[in-house]
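The values are calculated or read from the model by the stated rules, or taken from the named source; none is laboratory data. Note that this is a predicted model, so its numbers are computed, not measured. Here the Cβ positions follow ideal geometry from the backbone for every residue, glycine too, while neighbour counts run over all protein chains shown. Ligands, DNA and RNA are stripped out before the accessible areas are found, and what is left, the full protein with its side chains, is counted by its heavy atoms. Shrake-Rupley method; radii C 1.70, N 1.55, O 1.52, S 1.80 Å.
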Amino acid sequence: MRPPYRAAEVLLAAALLVLSAACGSRLPERDFGPRPSAPATPGGGEPLRVGIISGATSPVGGGALTGPRDGALAYFAALNARGGIDGRKVEVFTCDDGGSGIGNNECVHELVDERRVLALVATTALDYAGAARVSRAGVPDIGGQPLGPAYDTHPHLYGIYGSSAPRTGGAPGWDGVLTGGTEVYRWFKREHGARTAAVVSYNQAASAAYARLVADGLKREGYRVVTEQVDFALPNYRAVAADLREQDVDVVFDALDTHGNAQLCAAMDAVGTTVTAKVTNVQNWNQDVPRDYRDSPRCRNALWATGASRNHDEAGHPAVAEFRAAMAAHRKGEPLSQWALEGWAAAMWFTDAATSCAKTGPTRACLEKYLNRSEPYTARDLLLPVRFERLPKPPETRRTCLSVARWQDGRGWVTQGGDMKDNCATVPQLPYRP
């Protein structure tokens, strides 16, 4: 099931804060790094073509949307070095949609119509304007990041977190209604006794709308909720930080971008505000924390992240160790991040699906047979179980598990609450309209 109270809307809201005309630009593949070379091998057959769409030059910043792409490229490079899939290499075509709908449609045309890829993998589209076109073409889109409702709308699209929605191609979800769980809020209440929560947003429509969703979930879990809003053009973070201190806030959630989060943390340190947790999202679960939060050591060490995939800093886990080694070998210089790990898992998902087609050879129909099977997918224990259920009506409650990590200087992201598979609760599923 897609988790709307986690990363997707946080990133989308933050992106809309800086997205103006949003024309974007689409660069040729050579402008954002090498892709794996995959010539046909003797006796192995023609390469299997896949496409990766990401907003490498999006308005939200050069590296904001490229983590899944980098993780997928690392996986395919390592796979090809081992001989590919049944002796067939994977040929990867990357496309930068510039973070715009126009650019996204151009990428879909290039990859689906011109390159005729077998599947898309690890799509990370700020404006997935070409989603309906991908679906009409019957191209499986495997392990994409749900930055909008496309993965809960269209058949043939398989988001990295799964979906319970019918996905008929009409309105998103159930006649325009999606649901989101309260597991994050339940966890901090249960594990740390949090009772008072703050939600900080900009005075901007998308940011404020996301903040209302967070506040509703917190209230459902019994929190006293303090809402704070800063002016996007002239933000006064010190005033917000001082009020958080006066309100004796335990945990802080936000609908801010990375810059806003860093400024808020710096202000909290400056006025002496301490909290149990300053909760960020999966898109900020990366190795840039010392740089982004360099002016706020106390707040920096109170940063927590939650998600639906295994902490990329769990170097002792064999699947995580393999990911980290491949990133070092094939994407040297690219930062480790949770999104990169999820892109790696998406590429693994495609590979497992293609491998299951040994008798017939990989076809789109065979790939989708694997994707739609009743057994949930976990990418060798890197993902919480991913399902595609097509329920006739939205669930009222669901047993949901959670991956939690905390930043600690000198140690990186340290997993909290035990193994993610055991970190579970049955929580309400709250309806909302995207």
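Just a few scattered comments:
- Of all residues in the stretch 418-434, exactly one satisfies the criterion of being buried (at least 17 other Cβ atoms within 10 Å of the Cβ), at pLDDT 95 or above and more than 15 Å from Arg398 (Cβ to Cβ), namely Met420.
- Condition check for Gly143: open to solvent by 10 Å² or more (accessible area, probe 1.4 Å), modelled with pLDDT of 95 or more and not in a helix (DSSP H, G or I): no
- Residues in the stretch 118-140 that are open to solvent by less than 10 Å² (accessible area, probe 1.4 Å) and assigned to a helix (DSSP H, G or I): Ala131, Val134.
- Verdict on Gly333 being in contact with a strand residue (DSSP E or B) (Cβ under 9 Å, 6 or more places away or on another chain) and either part of a loop (DSSP other than H, G, I, E, B) or surrounded by 22 or more Cβ atoms within 10 Å (Cβ to Cβ) (or both): no
- Residues of the stretch 246-279 that turn out to be surrounded by fewer than 19 Cβ atoms within 10 Å (Cβ to Cβ) and under 17 Å from the mean Cα position of the chain (by Cα), as a count: 0
- Among residues of the stretch 236-284, those that are in a loop (DSSP other than H, G, I, E, B) and at pLDDT 95 or above, counted: 10
- Verdict on Ala325 being closer than 24 Å to Ala425 by Cβ, more than 21 Å from the chain's Cα centre (by Cα) and either surrounded by 20 or more Cβ atoms within 10 Å (Cβ to Cβ) or not hydroxyl-bearing (Ser, Thr, Tyr) (or both): no
- With respect to the stated conditions, Ala8 fails to be open to solvent by less than 40 Å² (accessible area, probe 1.4 Å), modelled with pLDDT of 95 or more and small (Gly, Ala, Ser).
- Filter result for the condition that a residue is farther than 30 Å from Val50 by Cβ and not in a loop (DSSP other than H, G, I, E, B), over Ala150, Ala197: Ala197
- Residues of the stretch 292-307 that turn out to be modelled with pLDDT of 95 or more and assigned to a helix (DSSP H, G or I), as a count: 4
A quick yes/no check of all residues on (1) under 20 Å from Leu383 (Cα atoms); (2) in contact with a strand residue (DSSP E or B) (Cβ under 7 Å, 6 or more places away or on another chain); (3) not small (Gly, Ala, Ser):
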| site | (1), (2), (3) |
| --- | --- |
| Pro47 | no, yes, yes |
| Thr57 | no, yes, yes |
| Leu65 | yes, yes, yes |
| Asp70 | yes, no, yes |
| Phe93 | no, yes, yes |
| Gly101 | no, no, no |
| Arg115 | no, yes, yes |
| Ala122 | yes, yes, no |
| Val134 | no, yes, yes |
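- Boolean, Thr41 is modelled with pLDDT under 50, within 27 Å of Asp113 (Cα to Cα) and of a type in the set (Val, Ile, Thr): yes
- Close contacts from the stretch 254-274, counting a first residue that is under 14 Å from Val199 (Cα atoms) and a second that is part of a strand (DSSP E or B), with Cβ to Cβ under 6 Å and a gap of 6+ residues or different chains, come to Asp254/Val200; Ala255/Ser201.
- Boolean, Val282 is more than 26 Å from Asp141 (Cα to Cα), β-branched (Val, Ile, Thr) and open to solvent by less than 20 Å² (accessible area, probe 1.4 Å): no
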